[in-house]
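The values are calculated or read from the model by the stated rules, or taken from the named source; none is laboratory data. The structure presented is a predicted model; accordingly, all values stated were derived computationally and were not measured. Heads up, the Cβs are rebuilt from the backbone with ideal geometry, glycines too, and the neighbour counts pull from every protein chain shown.
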Amino acid sequence: MSAEAQAAPEPPLPGQATGNSIIEVVRRRFEAIKQGDVGILPVVIGLILIVGFFYSKNSNFLSAGNFTNLMTQMAAVTTIAIGVVFVLLLGEIDLSIGYVSGIAGVIVAELQYPDGSWEVKGIVAIVIAVIITSLIGALQGSFVAYIGVPSFVVTLAGLLFWQGVILYVIGDRGVIVIQDNTINNVANYFFSNTAGLLIAAVATAFFTLGTIMGVVSRRRHGIVTDNVVLIALKLIGFAVVALGAVMWANKERGLPFAFLLVIVLLVFWTFIAERTTFGRHVYAVGGNAEAARRAGINVRTIRIFVFMISSGMAGLGGVILAARLNSVDLNAGGGTLLLDSIAAAVIGGTSLFGGRGRVISALMGALIISTVANGIDLLGYSSAIKFMVTGLILLAAVTLDAISRKRLERSGR
Amino acid sequence: MTPILETRGITKSFGSVQALTDVDFEVRSGEVMALVGDNGAGKSTLVKCIVGIYPIDDGEIQFDGKKVDIHDPKAASNLGIEVVYQDLALCDNLDVVQNMYLGREEHDVIRRLKEPEMEARTAKTMQSLAVTTIGSMRQKVASLSGGQRQSVAIGRAVMWNSRVVILDEPTAALGVAQTRQVLDLVRRLAEQGLAVVIISHNLHDIFEVSDRITVLRLGRNVAVFERSETTQQEVVHAITAGVPTKVAGIPTAGAEELA
């Protein structure tokens, strides 16, 4: 069953010579870090430090109640940050996401409002809101892709314009209350204990099945597979985290629907980014747009789709936010939402220079930002401290990105 | 032996600038044809005309003995003509397999990538080219040496059943050992039956690797040399002071006597 036995009849293919023992895997990872490819490591270390610090200050920090709180708090920012990851992968930026998310909030609120004009079902309202915000992205993306206006300027104009639209539509009413249960449940529904555990179990089963099928497929093609021990550890780790998180949340209100939604979105967009031709082309355009163009990739289409993803995910995030407040008001999409979402993607390890990053970094960055905000609130410090700390973390993340980029360039001899 | 790719009387001008005048060129399967000339001699223009980036004003291109119209690089690819440009056009942030398949990824009905298939075929291609220096096919191209990057770019060009590979300055900016690797690779391509066109300024490399040498000067044919029957001085003379000759395939004689 060993890899050597598989390759026995023919001489091994080039690029397959390096072993897959644990020592070898660790050594390669270490080499990669030295060359500047730090991956997700700094985020994990940072997260452990932050959690450790707040826990030592206040043991309530890790309580089940605070844990479920955190899961719902970070859902919207994580959702929006997923879209930001795609835009950053292209080396572009989208500043309009804050108010585009506000637009989605206004759309669902208006569509469900029981004044006899629309009164559509909650789920339909949500779908319409996401479609319209995606079209906003297509419009903004077209300016970038076809006319070549820098995305910074196009989306800055979007930021102003959509803020204006929100103020115009809400107008004197000041606030629109959301009474539709479907919409409100997006942020306020908690699964029962059994349902939560069942979901975690099914997720673990699928993850295990997928991993095993991947290994079998590689074996069949005579390609080196990951170390079996490491694969087993990864599977056990996944099961422990999934079941553990649900059990912890079950001590309070249970697994929030919003968090499950975030996980589903993360899995879906990770699949799109890393397993499909579209995702591959996004990375290619972000890495070397000219090379991508010469390879026959339609760079314009890719750009427009990415801006659609960014706006659409912002719209979905806006729905979660509106559902959490059970209303939209004149501040919808404002405040620190835009900066938090971009910061989440960057802190999570997605490069501002394009071509490097993963969808999961949206979750990691949002975790860091949310735990810091949550912890500082818990300790009773002011917002002033919160802003300063978050600012410093963002600076550290961007500095790390710039350094690793330089190292990567240097290691390419 | 008939040439696989042949151009006859290619003429191309940009406004008032006559870039190519009545240029003939040919390459046969299994040979390395060098294309040399000073800056502005028309080497790159000729290549771009062949692969359809520039439309030609006059003349014709024959492939496999048949006249063909090549309107765009895709048409050239479909015939089996691939170009490796000097900048290689690789994505540094992607690994070897991802670069080899860039824009032509294998996927199933839901556009899911077939990674194991692609990795296996990449490894086989590299094996057939005897490129053994790349540690892992999942290594990012950013971490490869110049020679390895060139190997990836060439591997990408030959993986698609191509029959003519055009290499633009493949050894520029490479060290001695790296140049060695790439020249060996070029030789191997010809041995596998491909027609190889190599554009280079480095006559030393050209004499090492090519079978024949076509010299252009000021957008015109000057000479076609058999490598075994000529010297570097002779080629240098043709590059710098050669007199146009219309008849391709009859080497040195015309150019020499007129000069």
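Note on segment A:197-218: residues that are away from chain B (no Cβ under 14 Å), touching a residue at least 12 places away in the same chain (Cβ under 8 Å) and more than 22 Å from the chain's Cα centre (by Cα) total 3. Looking across segment A:317-339, the residues that are over 15 Å from A:Ile166 (Cβ atoms), surrounded by fewer than 24 Cβ atoms within 10 Å (Cβ to Cβ) and of a type outside the set (Lys, Arg) come down to A:Asn326, A:Thr336, A:Leu339.
Selection of first residues in segment B:76-98 that are among the basic types (Lys, Arg) and of second residues that are surrounded by fewer than 24 Cβ atoms within 10 Å (Cβ to Cβ), restricted to Cβ pairs under 8 Å at least 6 apart or on distinct chains, gives an empty result. Here A:Ala292 passes the criteria (1) in contact (Cβ under 8 Å) with a residue 12 or more places away in the chain; (2) within 14 Å of another protein chain (Cβ to nearest Cβ) except the one numbered (1). Among residues belonging to segment A:275-318 that are modelled with pLDDT of 95 or more and charged (D, E, K, R), point out the one that is farthest from A:Ala203 (Cα to Cα). Among those residues, the one meeting the criterion is A:Arg300.
Just give me the residues in segment A:342-354 being buried (at least 24 other Cβ atoms within 10 Å of the Cβ) and farther than 20 Å from A:Phe387 by Cβ, in sequence order. Hits for segment A:342-354 are A:Gly349, A:Thr350. Number of residues in segment A:309-328 that are farther than 20 Å from A:Val262 by Cβ and either among the β-branched types (Val, Ile, Thr) or part of a helix (DSSP H, G or I) (or both): the value is 1.
Is one or more of the residues making up segment B:159-174 part of a helix (DSSP H, G or I) and either farther than 21 Å from B:Val27 by Cα or at the interface with another protein chain (Cβ under 8 Å from one of its Cβ atoms) (or both)? Scanning segment B:159-174, I find no residue that is part of a helix (DSSP H, G or I) and either farther than 21 Å from B:Val27 by Cα or at the interface with another protein chain (Cβ under 8 Å from one of its Cβ atoms) (or both), so the answer is no.
For segment A:127-185, which positions are among the β-branched types (Val, Ile, Thr) and farther than 20 Å from A:Leu338 by Cβ? Residues satisfying the conditions are A:Val127, A:Ile128, A:Ile131, A:Ile147, A:Val175, A:Ile176, A:Val177, A:Ile178, A:Thr182, A:Ile183. Per this entry, A:Val299 is counted among residues that are in contact (Cβ under 8 Å) with a residue 24 or more places away in the chain, among the aliphatic types (A, V, I, L, M) and within 14 Å of chain B (Cβ to nearest Cβ).
For segment B:101-146, the set of residues classified as of a type in the set (A, V, I, L, M), at the interface with chain A (Cβ under 7 Å from one of its Cβ atoms) and not in a loop (DSSP other than H, G, I, E, B) consists of B:Leu113, B:Ala120, B:Ala123, B:Met126, B:Ala142, listed by residue number. What about A:Gly312, is it touching a Ser or Thr at 6+ places or on another chain (Cβ under 7 Å) and touching a residue at least 12 places away in the same chain (Cβ under 8 Å)? In short, yes. Would you pick out the residues in segment A:361-405 that are surrounded by fewer than 14 Cβ atoms within 10 Å (Cβ to Cβ) and of a type in the set (S, T, N, Q)? Across segment A:361-405, the qualifying residues are A:Ser382, A:Ser383, A:Thr399. Scanning segment B:199-223 for residues that are under 11 Å from B:Pro244 (Cα atoms) and surrounded by 22 or more Cβ atoms within 10 Å (Cβ to Cβ) yields B:Val215, B:Leu216, B:Arg217, B:Gly219, B:Asn221, B:Val222, B:Ala223.
Inspection of segment A:47-54 identifies at least one residue that is under 19 Å from the mean Cα position of the chain (by Cα) and assigned by TED's automatic domain parsing to the domain that holds A:Trp269. For B:Leu90, the criteria (1) surrounded by 20 or more Cβ atoms within 10 Å (Cβ to Cβ); (2) more than 7 Å from every other protein chain (Cβ to nearest Cβ); (3) out of contact with any Gly (no Cβ under 7 Å at 6 or more places or on another chain) hold in every case but one, which is (2). Restrict the check to segment A:57-77 and report whether at least one residue is touching a Gly at 6+ places or on another chain (Cβ under 9 Å), of a type in the set (Phe, Trp, Tyr) and outside any loop (DSSP other than H, G, I, E, B). Yes. Return the residue satisfying two criteria in turn: it lies in segment A:258-289 and is more than 9 Å from chain B (Cβ to nearest Cβ) and among the small types (Gly, Ala, Ser), and of such residues it is surrounded by the most Cβ atoms within 10 Å (Cβ to Cβ). Restricting to residues being more than 9 Å from chain B (Cβ to nearest Cβ) and among the small types (Gly, Ala, Ser), the top hit is A:Ala258.
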